[in-house]
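Following: one structure in structure tokens, then a few remarks.
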Amino acid sequence: IPELTSFDYFLVCLLSQVNFVVCQLFALLTAFWFRLYLHPSKTSPFIRHVVATLLGFYLALFCFGWYALHFLVQSGLTYSIMMFAGLEHMHKLCFIVALGYLSFCQVTRVYVFDYGMYSADFTGPMMVITQKITSLAFEIHDGLARKEEQLTPSQRCLAVRRMPNLLEYLSYNCNFMGILAGPTCSYNDYMAFIEGTAYQPRHLEANGRENGKYKHTEPSPKNDIISKLCTCAISLAIFLSVSKLCPVERSIDDKFMASTPFILQVLYLYLSMLATRPKYYFIWTLSDAINNAAGFGFNGYNKDGTPRWDLISNLRILDIEFATSFKMFLDNWNIQTALWLKRVCYERCPINPTAATFLLSAMWHGVYPGYYLTFLTGISMTMAARALRHNIRPYFLGSTTHRSIYDVITWAGTQIAICYTVVPFVLLAVGPSLKFYSSSEM
């Protein structure tokens, strides 16, 4: 078998990315059709489940070929555990099997096939399916094996009170709106969307008040979809035009480090990491728009009466770019994954939940060493940020001017800390990552 050249790898990568975008655009058009012609008022939940699942499998097969069978294997194994393992330990076994199977696929893909390739690999959708499987397992355990007084308010709201049948389970895991890029969602929210009850007042805000789901007419997602598609177009244009100009790898180039003043190295690091984010803005915002087009994602009304379609939104771009704390950045980046980590790990781990959550996040992301370096650094950064905020912030609360100065300083510090933490995540390998850390004087 002839060895692939760098140009061949480029073509493979380009083709996989084009396939992904084409499939997502097809999913967007299909979502409009799904909402109009398979509306809950026109057909049964059974039909909606069947169509959503079959379309999801079709997109998966188109993008990943027979590797998409891993989605069925992972779902089938864990569903068998849910049905036969017993409620007391079912959630733990599902967690181990789902995460273990994902890790097995990631190891074989990375170290057997294409180390370092950014192709549309089949483990990407498996990461979201793993989130859904483990979330549902814990929600079933909360709903069927624990007493009400043992549950937190959020666990009580998310608890699943009956075992899903196989069709409902596959539809939740593999529906066409989220099969390629997610985001994850709670099982109850997905079932409310399928059954047409999502517009009834169910959710409570943190203050215990209903979040305004009081209107009887079905809200339209049109304005939100248009806004999100515009965001996608801008993000894609920025990424395609800027990312090649500021590669992160230049930060560890010997000539660059020797000839560039430290302050300019820091500035370049910020710009290079800034240039990588629009790719994620494009992917996650397009996925959000697809779900909204299908009618999924309604989250009540704003105070002015306009509908909110951010139930499963995965990011808040302005809050990310202008974050003034490490926590604020993380709270607005990959929101649904952060909620998953909080619900299945942070709130349930009895020993050092912060470290356990970062470790789970690293394992879930994959097996590249850079991921683990990032999350190990993230633990230190999180602890340091908490200490600094607790000890320094009170000195800047005296006046508006002092608060403004504090905000500017903490914004700059947050952006530098994020860049410093995330560089190994982009570089992937140990050698380049350690070279970056050893060359940094921060």
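When Lys and Arg each count +1 and Asp and Glu each count -1, what net charge do the other residues less than 14 Å away from Gln24, Cβ to Cβ, add up to?
With Lys, Arg at +1 and Asp, Glu at -1, the net is +1.
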Computed, not fitted: 222 nm per-residue ellipticity of the chain from DSSP H runs ≥ 4 (each -39500 (n - 2.57)), nearest 500, equal to -21500 deg cm²/dmol
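Gln131: net charge of surrounding residues, Cβ under 13 Å, Lys/Arg +1, Asp/Glu -1, itself excluded? Don't skip to the answer; put the middle values down first.
Numbers: positive: Lys132, Lys342, Arg343; negative: Glu139.
Combined, the nearby Lys, Arg, Asp and Glu give +2.
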Pull out a ≥ b ≥ c, the square roots of the eigenvalues of the alpha-carbon gyration tensor of the stretch 303-442, then state rounded if a/c is under 1.5, prolate if not and a/b is larger than b/c, and oblate in the remaining case. oblate
Simple SL model, points at 7 angstrom along Cα→Cβ for Thr43 and Arg156; separation in nm is 3.8
Past the 26 Å Cα-Cα mark, which pairs from Lys222/Lys279; Lys42/Lys342; Lys222/Lys303; Lys132/Lys244; Lys147/Lys327; Lys279/Lys327? Lys42/Lys342; Lys132/Lys244; Lys147/Lys327
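By how many nm would the segment from Ala384 to Ala258 lengthen if fully extended, with 0.36 nm per residue of separation less the alpha-carbon distance? Mind showing how you got there, number by number?
Details: separation 126, 0.36 × 126 = 45.36 nm, distance 2.99 nm.
Between Ala384 and Ala258, full extension yields an extra 42.4 nm.
Quote the relative contact order of the chain in percent (integer), defining contacts as alpha-carbon pairs under 8 Å separated by 6+ residues.
This gives 16 percent for the chain.
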Under a cut-off of 16 Å between alpha-carbon atoms, report the lysines in cross-link reach of Lys255, not counting same-chain residues fewer than 8 places apart. Lys435
When the Karplus curve 6.51 cos²θ - 1.76 cosθ + 1.60 is applied with θ = phi - 60°, which whole-Hz ³J(HN,Hα) does each residue of the stretch 163-174 get, with x for Gly and Pro? 6, x, 7, 4, 5, 4, 5, 5, 5, 4, 6, 10
Placing each pseudo-label 7 Å from Cα in the direction of the beta carbon, Val21 and Tyr437 end up separated by a distance in nanometres of 3.6
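No lab work stands behind these numbers, since they all come straight from the coordinates. These numbers were taken from a predicted model, which means no experiment stands behind them. Heads up, the Cβs are rebuilt from the backbone with ideal geometry, glycines too, and the neighbour counts pull from every protein chain shown.
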